[in-house]
Amino acid sequence: MPGLANAHSHAFHRALRGITQASRGTFWTWRERMYQVAERLDPDSYLSLATAVYAEMALAGISSVGEFHYLHHGPGGVPYANSNEMGQVLIEAARRAGIRITLLDTCYLVGGLSADGRQQPLEGPQLRFGDADAQAWASRVEALGADASGQLGPGARVGAAIHSVRAVPADQMHGVVAWAQRYGAPVHAHVSEQVAENRACLAAYRATPTEVLSDAGALGPRGTAVHATHLTGSDIELLGGGRCHVCFCPTTEADLADGIGPARDLADGGAMLTLGSDSHAVIDLLEDARRVELGERLASHERGHFTAGELATAATESGHASIGWPDVGEFAVGALADFVTVALDTPRTAGATQATALESVIFSATAADVRSLVVGGRDVVAAGRHVLVADVPGELSAAIAAVLR
Ligand SMILES: [Zn+2]
């Protein structure tokens with residue numbers, strides 16, 4: 001298959017895997033734990049952690065990651081001497097792990113919207129996420145030094161992200177969109193992951209998050225609405241009519257009790273489906289792919305909403321297009337040579353037939369069945385082993401212990 005595209009990642013959330021499962025709670029209580037980890041990271045510890053996480057992604061067959069990056073500044077929001085140090089750490093981590101990265105540099109200006117729609121100031125760990133305004137965000141991103149097409153090097157490019165309607169006031173969004181238009185770069189945003197976000201947004205703007213982002217010009221073929229879980233009929237029309245990408249993160253959305261988004265309605269409306277492992281509750285895009293279909297089955301009591309081919313396209317071509325690598329996904333002279341192989345003779349996949357091989361991969365294989373990954377013609381995973389990072393579990397354990405200590 002073409003290499004898999006992980007269109008939505010926050011690398012540091014990987015440190016929370018397994019440790020937030022013992023108690024009750026919601027998305028919002030999980031977010032408090034996530035902020036504790038965000039508070040502790042520095043450039044050195046984030047380089048180790050992200051390198052290990054991206055190496056785990058490579059072992060799962062992921063050749064490109066869209067890193068939705070908002071941990072920009074030092075403690076208390078004091079910028080590092082190089083104000084892009086944390087972003088550059090992520091680019092270096094991807095290089096060490098052998099995968100492509102689109103640094104979706106995220107604009108994050110306010111701390112949230114209260115239930116009655118009032119903007120809250122940045123507080124505590126959020127201070128590290130914030131730029132003064134969209135113009136300050138754009139000047140910082142400018143300093144990354146991308147070429148006219150947003151490329152930062154052979155395996156790295158920059159894109160834009162509006163964290164959400166909670167974190168970016170509507171009158172600041174155009175600054176982010178204008179920067180992205182200048183570079184032909186992707187624009188991603190979290191959209192309607194939680195019902196509370198919709199309520200606060202309606203109170204603030206008398207409009208849904210999708211409507212606010214659409215009015216700001218953020219939704220179009222280069223736009224990606226991440227999650228898109230709790231939508232109205234007119235939201236679905238806006239996203240579909242705009243030929244927008246919609247990134248589902250089903251393992252995270254299940255883990256955080258978000259809900260099940262209207263994948264089939266969005267695809268029927270014209271939106272392009274992509275996939276992300278987001279909080280990295282697991283990193284397994286094959287699992288995420290089948291969960292799109294399984295979620296529809298649970299909600300409708302019927303089977304067969306998405307074919308394995310459609311889900312594979314979401315995991316490969318569409319995902320790559322949404323993060324600015326449209327020439328991955330095609331086996332053609334001149335296209336980027338990113339390929340993954342999945343074994344059909346493992347305990348999970350044995351019995352597969354040639355005629356239904358893709359169904360076996362999408363509906364029964366896991367990341368553990370990935371055997372090889374080639375990125376840009378170079379072997380990154382061979383015979384199930386990472387070629388560049390010798391001990392991926394060891395690196396993960398050490399990097400996570402360092403930030404949880
Ligand atoms: Zn996210």
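Out of curiosity, is Pro262 closer than 24 Å to Leu358 by Cβ and without any contact (Cβ under 8 Å) to a residue 40 or more places away in the chain? For Pro262, the condition - closer than 24 Å to Leu358 by Cβ and without any contact (Cβ under 8 Å) to a residue 40 or more places away in the chain - is not met.
Of the set (1) within 15 Å of the ligand (Cβ to nearest atom); (2) farther than 20 Å from Val165 by Cα, all apply to Val246 but (2). All told, Gln36 falls short of being surrounded by fewer than 24 Cβ atoms within 10 Å (Cβ to Cβ), closer than 23 Å to Phe248 by Cβ and polar (S, T, N, Q). Scanning the range 132-157 for residues that are surrounded by fewer than 13 Cβ atoms within 10 Å (Cβ to Cβ) and either among the hydrophobic types (A, V, I, L, M, F, W, C) or under 20 Å from the mean Cα position of the chain (by Cα) (or both) yields Ala132, Ala143, Ala148. When you check Glu123 against the structure, is it more than 16 Å from the ligand (Cβ to nearest atom), acidic (Asp, Glu) and closer than 17 Å to Gly111 by Cβ, yes or no? It is true that Glu123 is more than 16 Å from the ligand (Cβ to nearest atom), acidic (Asp, Glu) and closer than 17 Å to Gly111 by Cβ. Within the range 89-115, being under 30 Å from Val387 (Cα atoms) and either surrounded by fewer than 17 Cβ atoms within 10 Å (Cβ to Cβ) or of a type in the set (D, E, K, R) (or both) holds for Glu92, Arg95, Arg96, Arg100, Asp105. Gly145 satisfies every condition listed in (1) within 22 Å of Thr224 (Cβ to Cβ); (2) more than 16 Å from the ligand (Cβ to nearest atom); (3) among the small types (Gly, Ala, Ser) except (1).
For the range 179-197, the tally of residues that are in contact with a Phe, Trp or Tyr (Cβ under 8 Å, 6 or more places away or on another chain), assigned to a loop (DSSP other than H, G, I, E, B) and not aliphatic (A, V, I, L, M) stands at 2. Any residue that is hydroxyl-bearing (Ser, Thr, Tyr), surrounded by 24 or more Cβ atoms within 10 Å (Cβ to Cβ) and on the phi > 0 side of the Ramachandran plot - is there at least one of those in the range 191-208? Yes, the range 191-208 has at least one match. Note on the range 173-215: among residues that are in contact with an Asp or Glu (Cβ under 6 Å, 6 or more places away or on another chain) and away from the ligand (no atom under 16 Å from the Cβ), the one that is farthest from Leu239 (Cα to Cα) is Ala203. Scanning the range 270-328 for residues that are outside any helix (DSSP H, G or I), more than 16 Å from the ligand (Cβ to nearest atom) and either small (Gly, Ala, Ser) or in contact (Cβ under 8 Å) with a residue 24 or more places away in the chain (or both) turns up Gly270, Ala271, Met272, Leu273, Asp284, Gly304, His305, Phe306, Gly324, Trp325, Val328. Within the option set Val168, Val226, Val176, Val246, being assigned to a loop (DSSP other than H, G, I, E, B) and touching a strand residue (DSSP E or B) at 6+ places or on another chain (Cβ under 6 Å) holds for one residue only, Val168. Scanning the range 249-269 for residues that are away from the ligand (no atom under 16 Å from the Cβ) and either at pLDDT below 95 or touching a Leu at 6+ places or on another chain (Cβ under 9 Å) (or both) yields Ile260, Pro262, Ala263, Asp265, Leu266, Ala267, Gly269. Residue count for the range 329-364, restricted to those that are on the phi > 0 side of the Ramachandran plot and in contact (Cβ under 8 Å) with a residue 40 or more places away in the chain: 1.
Summed over the range 138-162, residues that are charged (D, E, K, R), over 20 Å from His174 (Cα atoms) and not in a loop (DSSP other than H, G, I, E, B) total 1. Only one entry in Gln135, Gln126 is outside any loop (DSSP other than H, G, I, E, B), among the polar types (S, T, N, Q) and more than 27 Å from Ala94 (Cα to Cα), namely Gln135. When the criteria are applied in full, Leu231 meets the requirement of being surrounded by 23 or more Cβ atoms within 10 Å (Cβ to Cβ), at pLDDT 95 or above, in a loop (DSSP other than H, G, I, E, B) and away from the ligand (no atom under 16 Å from the Cβ).
For residues in the range 198-223 being in a loop (DSSP other than H, G, I, E, B) and not hydrophobic (A, V, I, L, M, F, W, C), which is farthest from Ser9 (Cα to Cα)? My answer is Arg206.
The values are calculated or read from the model by the stated rules, or taken from the named source; none is laboratory data. As the structure is a prediction and not an experimental result, all values here were calculated from the model. For neighbour counting, all protein chains shown are included, and Cβ atoms are generated from backbone atoms with ideal geometry for every residue, glycine included.
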